[in-house]
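Read through the structure below, which is laid out as structure tokens, and then see the notes.
The values are calculated or read from the model by the stated rules, or taken from the named source; none is laboratory data. This structure is a prediction, so every number in the text was calculated from the model and none was measured. Every residue, glycine among them, receives a Cβ derived from its backbone with ideal geometry; neighbour counts consider all protein chains shown. What goes into the accessible areas is simple: the full protein's heavy atoms, side chains included, and nothing from ligands, DNA or RNA. Shrake-Rupley method; radii C 1.70, N 1.55, O 1.52, S 1.80 Å.
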Amino acid sequence: MNKRHQRKSHLILLFTMIFLTSVSVSSTLAQRQKDLLKNLSPAHMEWLEIVTPIITDTEREVFFKLKTEQERERFINLFWKIRDPNPDTAENEFYREYMERVHFADRYFGIGSSKRGCLTERGYYYLLLGKPLERQIFATQSDIYPMELWFYKGEEKYGLPGYFYLLFYQPEGVGDYRLYYPGIEGPEKLVIPSLTREQITRKKAIEIIKGINTELAKAAISYLPEERQDTFSSLSSQTIIAAIKALPEKKFASDYARNYLSYKDLVEVDYSHNFVTCSSLARVFLHGDYYFVHWAIEPDKINFAETQGIYSAIYELTIRLEDLSGNQIFSKTEEIPLRLNRQQFESRARQRFAFQDLFPILPGDYKLLFLLKNKTAKDFTSWETILNVPVPKSEQRLGPVVVFHTTSPLASGRLKAFSFAGQEFLVSARNEFSPTDKPSVFCQLWNPGGLTDRARVELALKNFDSGAEILVQKKKLPEALSEERLVRFDPIDLSQVKPGYYSLEINLIDKEITLDSRKENLIVLAQPVLTAPWVYGKVHRSMPTLEFLRMLAAQHFLKGNYQETRKILEEILSGREELESRLLLARTFLALGDNERSLTEALKVYESTGDREAAKVLALVYAKLKNWDKARIYVDKLLAEATEIGVLNLAAEIYLNLGNKDQAIYYL
């Protein structure tokens, strides 16, 4: 055996081992899914079976995690909506075509099977790939088992060849048809043994099959029509099968499914079917001594309502920050009204719209969730990501890389998303650029400690696939540094860069040692188009401001850092009366066990506003002080307005200590 055939034999053995291992893993997963299926209604169990060929692993995992029938129904509607090729039309063409495939499979592939046709192997591939260009049936031949030969045109962008075969056969001539694996089984599996014939070798089997149909013989060797037919082993066939099975993961985005678990309780039913995809980013930067999250969300579509030449849309934005255990650290909801005249609307019609803003954040590891609802059009988008915010002077020296279009001046003492030292950087979440663009790049030097005067920074633009360097910029660190410790590089001329995917890499080097490295991806388009977004962003006062200090105090409180919370709130209240901060200070003293000071602060808020949350604090403090009569006064006021489980439980405790057992039992 020559080296070429020996190597190929080793590869075949490797593929076979991988195949058998995957079968073992799949069996374990199948058993786990059977256990999970027991929690589903018959209708939802049937739906999951029907969509098995096209559902992604993430979608299936999320579907099993849902608890109620309503959650599952909303998810199913969203599942089909995501796949709708024309979401602006009343009919979902993908759903219609897919159900037509189901009906065809049930009608033709279920004959003689104990399963529905769509649940057979032929059904699986028919639902996933659709109707083949050609379908040949060999059911009455005396030398071969019943077979079907399918011929497809492949979608090359998803890793499939231009054209390929699939071959299904009925083992031993009974039971369900199943997919034939050329590189593992061999053509002799397709031929009926005969007592009058010598032992069937692979070569002999091919001769028999070729005598019936040449195309069938080709497919028995390889699913790739143009592959050389001088060998009985086919690695390319296994690759084709793997690429087909991977199609759902490549064709259908499943980010919405991951986010669904987070937003399902925040989105009303009439919104839940109208998911709009988006591009998003969140980057952490230092402003003075404070970290800030700069973020951008760019919905793929903005739907306006038009009245007498005025185009309007009212958005509701919810931002939620959690630690990695799921505990809420920060939450904010605000309304964003958009209003354009006809000239503004028409001039911006081809430009993407970007919502951008920033907020302060404490060091730590977080999950960040955005939910953006268009209350006018009843659609929504969402996005979540993981953030790492290092402690000051950590080993991480460089902040994230940002690619931007242009800069514009910003008034002194003001702060916006992606703005530094009086300059606003025009940033897009998509990082797409035309060949006529000249984007620039920056990152931030977070920790300059210990760097020598020989320190330098290098920027490399690399081909994303091959890693080949397209261009390199090198600068001494002092030359690259600007205000707020931004490390800036010269604009990049893309006119000589081929369209494609690229990565940008910034390295911090000192004494010829790379101390830190940061990367970002970008896309160079083939044609000149407008890639810079139209940005809606708020202008804030620079730190320290009431707005941002209060956010930091709230984060400290929810992290359990009560002394830090107290320090910030007392700083705020030393300069002005601010009732929201005073109420949080009352809660902070309560958490610290200082009941008297908590009582003092809560009374100031309640006497000024009659605030319900202040009344809750007062009821709790008086209960802790065992002043049950005073506690009853506030709990009765709370229950007269509304009932809450926490207040009901507190009322039961209060009345029990007052000796009124009947009333205590009533509240329980």
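A search for C-beta distances below 6 Å between a residue of region 320-336 that is touching a residue at least 40 places away in the same chain (Cβ under 8 Å) and within 15 Å of HIS556 (Cβ to Cβ) and any residue that is of a type in the set (Val, Ile, Thr) and part of a strand (DSSP E or B), counting only pairs 6+ apart in sequence or on different chains, returns LEU321/ILE329; ASP323/ILE329. Somewhere in region 71-85, is a residue touching a residue at least 12 places away in the same chain (Cβ under 8 Å), part of a helix (DSSP H, G or I), open to solvent by 60 Å² or more (accessible area, probe 1.4 Å) and not aliphatic (A, V, I, L, M)? Checked region 71-85: at least one residue is touching a residue at least 12 places away in the same chain (Cβ under 8 Å), part of a helix (DSSP H, G or I), open to solvent by 60 Å² or more (accessible area, probe 1.4 Å) and not aliphatic (A, V, I, L, M). Evaluation of PHE404 against the conditions (1) closer than 21 Å to LEU525 by Cα; (2) touching a residue at least 40 places away in the same chain (Cβ under 8 Å); (3) open to solvent by less than 40 Å² (accessible area, probe 1.4 Å); (4) not polar (S, T, N, Q) shows that the sole unmet condition is (2).
For the subset of region 513-551 comprising residues that are polar (S, T, N, Q) and in a loop (DSSP other than H, G, I, E, B), which member is most open to solvent (accessible area, probe 1.4 Å)? Even if it seems obvious, please write down each step before you answer.
Filtering region 513-551 down to residues polar (S, T, N, Q) leaves 514, 517, 521, 527, 531, 542, 545.
Retained after the next criterion (residues that are in a loop (DSSP other than H, G, I, E, B)): 527, 531, 542, 545.
Values: GLN527: 122, THR531: 18, SER542: 45, THR545: 17 Å².
Among them, the one singled out is GLN527.
Would you tally the residues in region 279-336 being outside any strand (DSSP E or B), over 24 Å from LYS375 (Cα atoms) and not hydroxyl-bearing (Ser, Thr, Tyr)?
From region 279-336, those outside any strand (DSSP E or B) are 288-289, 300-304, 308-309, 324-327; that's our starting set.
Keeping just the survivors that are over 24 Å from LYS375 (Cα atoms) gives 288-289, 324-327.
Restricting the remaining residues to those that are not hydroxyl-bearing (Ser, Thr, Tyr) gives 288-289, 324, 326-327.
Count: 5.
Considering only region 568-577, I want to know if a residue exists there that is over 27 Å from VAL401 (Cα atoms), among the small types (Gly, Ala, Ser) and either part of a strand (DSSP E or B) or open to solvent by 30 Å² or more (accessible area, probe 1.4 Å) (or both). Yes, because at least one residue in region 568-577 is over 27 Å from VAL401 (Cα atoms), among the small types (Gly, Ala, Ser) and either part of a strand (DSSP E or B) or open to solvent by 30 Å² or more (accessible area, probe 1.4 Å) (or both).
Residues that are in contact with a Ser or Thr (Cβ under 8 Å, 6 or more places away or on another chain), under 17 Å from TYR126 (Cα atoms) and either open to solvent by 40 Å² or more (accessible area, probe 1.4 Å) or charged (D, E, K, R) (or both) are absent from region 185-198 altogether.
Quick one: is LEU558 in contact (Cβ under 8 Å) with a residue 40 or more places away in the chain, open to solvent by 20 Å² or more (accessible area, probe 1.4 Å) and in a loop (DSSP other than H, G, I, E, B)? Please lay out each step first, then the result.
On the way: in contact (Cβ under 8 Å) with a residue 40 or more places away in the chain: yes; open to solvent by 20 Å² or more (accessible area, probe 1.4 Å): yes; in a loop (DSSP other than H, G, I, E, B): no.
Answer is no for this residue.
Within region 573-593, residues that are farther than 14 Å from LEU618 by Cα have Cβ atoms under 6 Å from residues that are among the aromatic types (Phe, Trp, Tyr) and open to solvent by 30 Å² or more (accessible area, probe 1.4 Å) in these pairs: LEU592/TYR562, counting only partners at least 6 apart in sequence or on another chain. For region 140-158: of the residues being in a loop (DSSP other than H, G, I, E, B) and either in contact with a Lys or Arg (Cβ under 6 Å, 6 or more places away or on another chain) or open to solvent by less than 50 Å² (accessible area, probe 1.4 Å) (or both), which is nearest to ARG116 (Cα to Cα)? Across region 140-158, the extreme among qualifying residues is PRO146.
Give me a count of the residues in region 642-663 that are within 48 Å of the chain's Cα centre (by Cα) and either modelled with pLDDT of 90 or more or of a type outside the set (Asp, Glu) (or both). If you could, list the steps in order and put the result at the bottom.
From region 642-663, those within 48 Å of the chain's Cα centre (by Cα) are 642-654; that's our starting set.
Next cut, either modelled with pLDDT of 90 or more or of a type outside the set (Asp, Glu) (or both) only: 642-643, 645-654.
The qualifying residues number 12.
Residues are listed down the side, and each one gets a yes or a no for (1) aliphatic (A, V, I, L, M); (2) part of a strand (DSSP E or B); (3) open to solvent by less than 40 Å² (accessible area, probe 1.4 Å); (4) touching a residue at least 24 places away in the same chain (Cβ under 8 Å):
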residue: GLN343; (1), (2), (3), (4): no, no, no, no
residue: ASP365; (1), (2), (3), (4): no, yes, no, yes
residue: LEU371; (1), (2), (3), (4): yes, yes, yes, yes
residue: LYS393; (1), (2), (3), (4): no, no, no, yes
residue: GLN396; (1), (2), (3), (4): no, no, no, yes
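Taking helices (runs of 4 or more DSSP H) that fall entirely within region 582-668, which contain at least 2 residues that are more than 30 Å from ASN561 (Cα to Cα) and touching a helix residue (DSSP H, G or I) at 6+ places or on another chain (Cβ under 7 Å)? Step through it out loud before you land on a result.
Working: elements: 595-609, 612-624, 628-641, 645-657, 661-667.
Ranges flagged: 628-641, 645-657, 661-667.
The set of residues in region 317-341 that are open to solvent by less than 80 Å² (accessible area, probe 1.4 Å), over 20 Å from the mean Cα position of the chain (by Cα) and within 15 Å of LEU266 (Cα to Cα) comprises LYS332, GLU334. For HIS44, are the conditions met, namely being in a helix (DSSP H, G or I) and modelled with pLDDT of 90 or more? Yes: the conditions hold for HIS44.
Scanning region 285-316 for residues that are more than 21 Å from the chain's Cα centre (by Cα) and over 24 Å from ARG350 (Cβ atoms) gives PHE285, LEU286, HIS287, GLY288, ASP289, TYR290, TYR291, PHE292. Exactly one residue among GLU316, GLU346, GLU322, GLU334 is more than 18 Å from ILE386 (Cβ to Cβ), in contact with a Lys or Arg (Cβ under 8 Å, 6 or more places away or on another chain) and not β-branched (Val, Ile, Thr), and that residue is GLU316.
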